Amino acid sequence: EKTSPLPDEEEFCSWLETEYKMDYENVKKIVSSVKRMDMILPSMVSDPMTFLDVLRALPQRSKQENYIRLVRGRKHRIFKNADCSYKTLMNGLTNIKYYLNFLNRNNK
């Protein structure tokens with residue numbers, strides 16, 4: 001299954017390059033990982049929203065972090081149903097933190 005582009009993908013890429021001094025190859029790996037997690041991780045809501053849709057919709061960083069913590073708490077169950085390695089899942093959850101920092105970059 002093919003991943004969809006992030007609505008703010010170009011801006012996210014530029015931000016990673018600037019904020020974390022990443023090279024283009026690492027930026028692409030992180031973005032790809034975040035997009036893949038959107039397909040793997042459950043959204044935890046009944047509306048037809050993806051994991052990242054819900055993350056973007058939450059207004060406060062604390063609520064976003066609680067949401068990630070909730071999903072992370074179910075990682076073993078998610079892994080059993082996921083078509084990826086456990087390492088891929090764990091790396092993806094780590095890379096989601098970059099996206100969370102990006103979403104909250106103006107709320108420091």
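Set side by side, the residues LYS28, LYS35 differ, and just one is closer than 21 Å to PRO7 by Cβ, touching a residue at least 12 places away in the same chain (Cβ under 8 Å), in contact with a Ser or Thr (Cβ under 6 Å, 6 or more places away or on another chain) and not in a loop (DSSP other than H, G, I, E, B), which is LYS35.
Evaluated against (1) assigned to a helix (DSSP H, G or I); (2) in contact with a helix residue (DSSP H, G or I) (Cβ under 7 Å, 6 or more places away or on another chain); (3) in contact (Cβ under 8 Å) with a residue 12 or more places away in the chain, GLU17 falls short on exactly one condition, (3).
Residues in the stretch 67-86 that are assigned to a helix (DSSP H, G or I) and either at pLDDT 95 or above or in contact with a helix residue (DSSP H, G or I) (Cβ under 8 Å, 6 or more places away or on another chain) (or both): TYR67, ILE68, VAL71, ARG72, LYS75, ILE78, PHE79, TYR86.
Starting from residues that are without any contact (Cβ under 8 Å) to a residue 24 or more places away in the chain and open to solvent by less than 60 Å² (accessible area, probe 1.4 Å), keep the ones in the stretch 82-103 and report whichever is nearest to the chain's Cα centre (by Cα). This residue is MET90.
If you scan the stretch 47-80, which residues turn out to be open to solvent by 80 Å² or more (accessible area, probe 1.4 Å) and within 22 Å of PRO7 (Cβ to Cβ)? Scanning the stretch 47-80 gives ASP47, PRO48, PRO59, GLN60, ARG61, LYS63.
The values are calculated or read from the model by the stated rules, or taken from the named source; none is laboratory data. Being a predicted model, the structure only gives us computed values, none of them experimental. A quick note on method: Cβ atoms are made from the backbone with ideal geometry, for glycine too, and the neighbour counts reach across all protein chains shown. Accessible surface is based on the protein model in full, side chains and every heavy atom, while ligands, DNA and RNA are left aside. Shrake-Rupley method; radii C 1.70, N 1.55, O 1.52, S 1.80 Å.
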